[in-house]
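Peer 1: Here it is: the structure, laid out below.
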Amino acid sequence: DTLVTHQTGPEGQEVNTVLVNEGITITNEMYFAILLDRTHNGPVIVASSEGGMDIEEVAATNPEKIITQPIDIMTGLKDEDAEKVARALGFSEVNIATAVKQMQNLYELFLATDATQVEINPFSEGHYEGGEPTVFCVDAKLNFDSNAEYRQQDIFAMRDVSMEDWRDVAAEKEGLNYIGLDGEIGCMVNGAGLAMATLDIIQLHGGTASNFLDVGGGATADMVAKAFNIITSDPNVKALLVNIFGGIMKCDVIAAGVVQAAHEVGLKIPLIVRLEGTNVDAGKKILAESGLDIIAADDLDDAAIKAVASIKVNA
């Protein structure tokens, strides 16, 4: 079975495990999260009285229902700030103190685990059968800073890569900066800025990119070949655009990796290559002598136009 929400995207996530918990009677559902936020230069509470539903929908249809409360990293979540949030959410008077304590505990969890997000939805009032009213964290989503893996090894050992995009997982193992998208033109670029510009210009000319991939400045021919393999393993990819501006990353290294990978995978889709910069002549020579059917491009605009056109020709 597949679960589809705003957070999973339209393709959804396969459900492998179901958690069954002791039943409770919920009388009031709210949303509570602690996030790292650039606007506030630190952690911030994002909360809403509209819990138990997609917070993205609340933000889109009832933005006035969203509460934000910055947290001073030096003083932590103070009693008065937590109480202000609890009252704004609509907790009953009998549960205010419990809600404040829960929020402060969640903030301590946020710090102790190097989290970037602690989301409780719904954050609820309710009771067990025959019990007193109290506060429940009914469902939770937590994200953690990958840079802190060395000191959060127990947490990262629980990672389930089956819930992630297989392309992202494969790229991470190879040390590549990769984000899978849902388009048809595979992109291999050096430099994050150039990679973003490449995606934009493909879109401008009527195409869609299947990925963001920055091979970086220290890539070897073998790493380039592995990047090529990951991109072309995606069945949605109908053409491959290589856009390299050689500085630290030399054009001949990229060219050697492209040739190596193309022969390994037996490339059957159009390959568009734009090279410029360090060792560009050596790189072009490697490609010219490779025996591959390569569509050469003079600049980025030309490369994007040719990539989009190649898909239409082969449609």
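The values are calculated or read from the model by the stated rules, or taken from the named source; none is laboratory data. All figures in this text were calculated on a predicted structure; none of them were measured in a lab. Please note: Cβ atoms are built from the backbone with ideal geometry, for glycine as well, and neighbour counts cover all protein chains shown. Remember, those area values only see protein heavy atoms, side chains included, never the ligands or the DNA or RNA. Shrake-Rupley method; radii C 1.70, N 1.55, O 1.52, S 1.80 Å.
Yes/no matrix, rows are residues, columns are (1) basic (Lys, Arg); (2) farther than 30 Å from residue 4 by Cα; (3) surrounded by 13 or more Cβ atoms within 10 Å (Cβ to Cβ):
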{"position": "54", "(1), (2), (3)": "no, no, yes"}
{"position": "65", "(1), (2), (3)": "yes, no, yes"}
{"position": "76", "(1), (2), (3)": "no, yes, yes"}
{"position": "100", "(1), (2), (3)": "no, yes, yes"}
{"position": "110", "(1), (2), (3)": "no, no, yes"}
{"position": "113", "(1), (2), (3)": "no, no, yes"}
{"position": "144", "(1), (2), (3)": "no, no, yes"}
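Peer 1: Residues in the range 16-38 that are part of a loop (DSSP other than H, G, I, E, B) and in contact with a strand residue (DSSP E or B) (Cβ under 9 Å, 6 or more places away or on another chain): how many? Outline the logic, then answer.
Peer 2: If we filter the range 16-38 for residues that are part of a loop (DSSP other than H, G, I, E, B), which is where we start, we get 16-24, 38.
In the following step, the residues that additionally are in contact with a strand residue (DSSP E or B) (Cβ under 9 Å, 6 or more places away or on another chain) were identified as 24.
Within the range 16-38, residues that are part of a loop (DSSP other than H, G, I, E, B) and in contact with a strand residue (DSSP E or B) (Cβ under 9 Å, 6 or more places away or on another chain) number 1.
Peer 1: So which of 183, 193, 206 is over 23 Å from residue 260 (Cα atoms), in contact (Cβ under 8 Å) with a residue 60 or more places away in the chain, of a type outside the set (S, T, N, Q) and surrounded by fewer than 21 Cβ atoms within 10 Å (Cβ to Cβ)?
Peer 2: Numbers: 183 fails: in contact (Cβ under 8 Å) with a residue 60 or more places away in the chain; 193 fails: in contact (Cβ under 8 Å) with a residue 60 or more places away in the chain.
Going through 183, 193, 206 in turn, the sole match is 206.
To keep it simple, each residue is scored yes or no on (1) among the small types (Gly, Ala, Ser); (2) more than 15 Å from the chain's Cα centre (by Cα); (3) open to solvent by 60 Å² or more (accessible area, probe 1.4 Å); (4) within 30 Å of residue 272 (Cα to Cα).
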residue	(1), (2), (3), (4)
130	yes, yes, yes, no
136	no, yes, no, no
163	no, no, yes, no
166	no, no, yes, yes
169	no, no, no, yes
176	no, no, no, yes
213	no, no, no, yes
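Peer 1: On to the next question. Mind checking which residues of the range 10-37 are farther than 20 Å from residue 81 by Cβ and either of a type in the set (D, E, K, R) or without any contact (Cβ under 8 Å) to a residue 12 or more places away in the chain (or both)?
Peer 2: If the condition is that a residue be farther than 20 Å from residue 81 by Cβ and either of a type in the set (D, E, K, R) or without any contact (Cβ under 8 Å) to a residue 12 or more places away in the chain (or both), then 10, 11, 12, 14, 17, 18, 19, 20, 21, 22, 29 are the ones that fit.
Peer 1: Kindly state which helices (runs of 4 or more DSSP H) lie completely within the range 216-307 and contain at least 1 residues that are touching a Phe, Trp or Tyr at 6+ places or on another chain (Cβ under 8 Å) and within 19 Å of residue 196 (Cβ to Cβ).
Peer 2: Working: elements: 221-232, 251-265, 280-288.
Where helices (runs of 4 or more DSSP H) fall fully within the range 216-307 and carry at least 1 residues being touching a Phe, Trp or Tyr at 6+ places or on another chain (Cβ under 8 Å) and within 19 Å of residue 196 (Cβ to Cβ), they are 221-232.
Peer 1: Here are 221, 227: which of them is open to solvent by less than 10 Å² (accessible area, probe 1.4 Å) and of a type outside the set (Lys, Arg)? Please lay out each step first, then the result.
Peer 2: On the way: 221 fails: open to solvent by less than 10 Å² (accessible area, probe 1.4 Å).
Step by step, each of 221, 227 is checked, and only 227 is open to solvent by less than 10 Å² (accessible area, probe 1.4 Å) and of a type outside the set (Lys, Arg).
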